[in-house]
Amino acid sequence: MRKIDKEIIKALTSIVGRNNITTHPADLELHSYDASNNPHLPEVVVHPGSTEEVSEIMKLAWEKEFPVTPRGAGAGFTGGSVPVEGGLVLTTRRLNKIREIAVDDLTVIVEPGVITSALQAEVAKKGLFYPPDPASKEFSTIGGNVAESAGGPRAFKYGVTPQYILGLEVVLPDGTIMNTGSRTIKNVVGYNLSALIAGSEGTLAIITAIILRLIPKPEMTRTIQLLFPDVSNAAKTVSDLVAAKVIPTTIEIMDDICLGLIREHVDDSLPEDSNAALIVECDGDPYMVGKDIDAVRRVAEGNDCIKVRIAKNADEAEELWTLRRSLSPTIAKLWDTKVNEDIVVPRSKIPAAFEYINKLAAKWRLNIPTFGHAGDGNLHVNIMYNRAETGAGDRAHEAAKELFEFVVSVGGSISGEHGIGLSKAPFLEIELGSEQIELLKRIKHAFDPKGILNPGKIFK
Ligand SMILES: Cc1cc2nc3c(=O)[nH]c(=O)nc-3n(C[C@H](O)[C@H](O)[C@H](O)COP(=O)(O)OP(=O)(O)OC[C@H]3O[C@@H](n4cnc5c(N)ncnc54)[C@H](O)[C@@H]3O)c2cc1C
């Protein structure tokens, strides 16, 4: 593909203005990586301020055939926004307006560069609720959430980002501006291009506006923390709750390694015999929330729960969440490298998944603290090692491959929310098989026959 030369820089400058384009080495460095720790430098970074500017940039890229990588906050875990073939990084930081909140329709039209929590705060002012809540919501963009089909702890009750997308405004690789979907809940006209583009990790089109569905804000939320002697008791509590038709907003799980780390590094008052924890949140009408919290407690006690703490107010709830929030920083202090997997298994297979992960850790001599969104069967399997340790990287790769084979064999998926990007591309075939991959490649070709948009992603 063509390198960015002076002629291209001049044309780009005339589109976005001198203040919104940079080739300064520090800026290139800043836009070379995401949370996956696999950096590649772009040749130029541009910050368009309108859909029309995005369209002009893509027309130029189409004509001159240079690569373009869309970027939100760069908080992805799989290298989606990393410009693996150099070229141009297109940020959405100036596409940051909430165009319209339609209270009568329960919808919002938002530009991709709006930070997720800022969108939630704006709609909350009107008594409305946008539920998807990736843990990165304080810095990730709504465009990045849409392009990655992001989820979060509330997915158990409320679902994930794609379930809120009604329509998109997009710019295709040749610069064509197009609207997909509509402002309505129902729309069955043609193929569902909004859904296709939404999870495409910036490989099919650049999203310049999103129509999202909203719901009324729940009246109250309550949080309960449960400690268990073994992860199997915690996992059984999750499936028993589902069987009892109790649908909390959130069910987060932590295994024995996680609790051991917390006990040693964060809170030594954690009971010695607690080897697994659940944090459960229920929201809605106060009467129903009370009933659900009682049911959670009963089901947990039936599974040998050794300690129950119910938060009386928001401060106490925050305290209960500390257990979960302290995990990632603690893990990061102990090992310098994390292979961060986000497998999903059917909920009934959660106990088997923990058992399998323990076996993998022993077989490959790795530390694998595991926590996650148990309500969705979505487990964050953190394969940890230190780079200086000979052969640890190869062992981690083999462990990940075996984990993915296991997950697919029990009817699960290799990624529940982080996407494929660069990191998981080598494993795609385990889940999809070659025929499905060929079909996906044909779809990519139909959108982007010159292969200029986010090249090198998803497919090896
Ligand atoms: C601490 C931490 C916690 C996290 N927790 C969660 C979690 O709970 N759930 C979860 O799902 N993820 C989580 N993530 C991963 C990450 O935050 C999400 O994937 C998020 O959606 C990325 O948003 P972003 O704005 O950073 O996008 P980026 O990383 O910048 O981009 C992600 C992908 O989207 C594409 N893209 C971005 N904007 C556009 C656009 N306008 N048009 C087309 N393509 C675009 C990029 O090319 C790239 O492929 C977490 C990450 C961190 C660091």
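Derivation of every value follows stated rules applied to the coordinates shown; laboratory data play no part. Given the structure is predicted, the values throughout are model-derived calculations rather than measurements. Reconstructed Cβ throughout: ideal geometry from the backbone, glycine too, with neighbour counts over all protein chains shown.
Data table
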quantity: Full-extension gain in nm, LEU106 to LYS359, via 0.36 nm per residue minus C-alpha separation; calculated: 86.3 nm
quantity: Segments 200-213, 323-336, 249-262, 46-59 sorted - mean Cβ within 10 Å per residue, highest first; calculated: 200-213, 249-262, 46-59, 323-336
quantity: Separation of the HIS24 and ARG183 label points, Cα + 7 Å toward Cβ, nm; calculated: 4.1 nm
quantity: Residue pairs, from the table LYS349/LYS424; LYS291/LYS338; LYS137/LYS363; LYS59/LYS441; LYS186/LYS349; LYS217/LYS349, whose Cα atoms sit over 31 Å apart; calculated: LYS291/LYS338; LYS137/LYS363; LYS186/LYS349; LYS217/LYS349
quantity: Global form of the chain, assessed from the alpha-carbon gyration tensor, a/c cut-off 1.5; calculated: prolate
quantity: Distance in nm between pseudo-label sites at GLU429 and GLU219 (7 Å out along the Cβ direction from Cα); calculated: 5.6 nm
quantity: Label-point separation, HIS265 to ASN192 (7 Å along Cα→Cβ), nm; calculated: 4.0 nm
quantity: Residues with amide H under 5 Å from that of ALA209, placed H, sequence gap 5 or more; calculated: GLU169
quantity: Simple Cβ-charge dipole of the chain, Lys/Arg +1 and Asp/Glu -1, about Cα centre, in debye nearest 20; calculated: 740 debye
quantity: Scaled radius of gyration (Cα, divided by 2.2 N^0.38 Å) that the stretch 306-395 gives; calculated: 1.27
quantity: Residue-averaged 222 nm ellipticity for the chain, from DSSP H runs of 4+ at -39500 (n - 2.57), nearest 500; calculated: -11000 deg cm²/dmol
quantity: Placed amide H near ASP342: partners under 5 Å, 5+ positions off or other chain; calculated: VAL381, GLY416
quantity: Amide hydrogen neighbours beyond the local backbone of GLY421, cut-off 5 Å, H modeled; calculated: ILE458
quantity: Net length gained if the chain between ASN37 and LYS125 were fully extended (0.36 nm per residue, minus Cα distance); calculated: 28.0 nm
quantity: Only Lys, Arg (+1) and Asp, Glu (-1) charged, at Cβ; the stretch 137-271 dipole about Cα centre in debye; calculated: 820 debye
quantity: Span from the the stretch 49-98 Cα centroid across to the the stretch 102-163 one, whole angstrom; calculated: 21 Å
quantity: Candidates per chymotrypsin sites (Phe, Trp or Tyr not before Pro) in the stretch 52-146, loop by DSSP, up to 16 other Cβ within 10 Å; calculated: PHE139
quantity: Taking the chain and dividing mean pair separation by its residue count, relative contact order in percent (alpha carbons under 8 Å, at least six apart); calculated: 15 percent
quantity: Burial ordering of HIS380, HIS40, fewest other beta-carbon atoms within 10 Å first; calculated: HIS40, HIS380
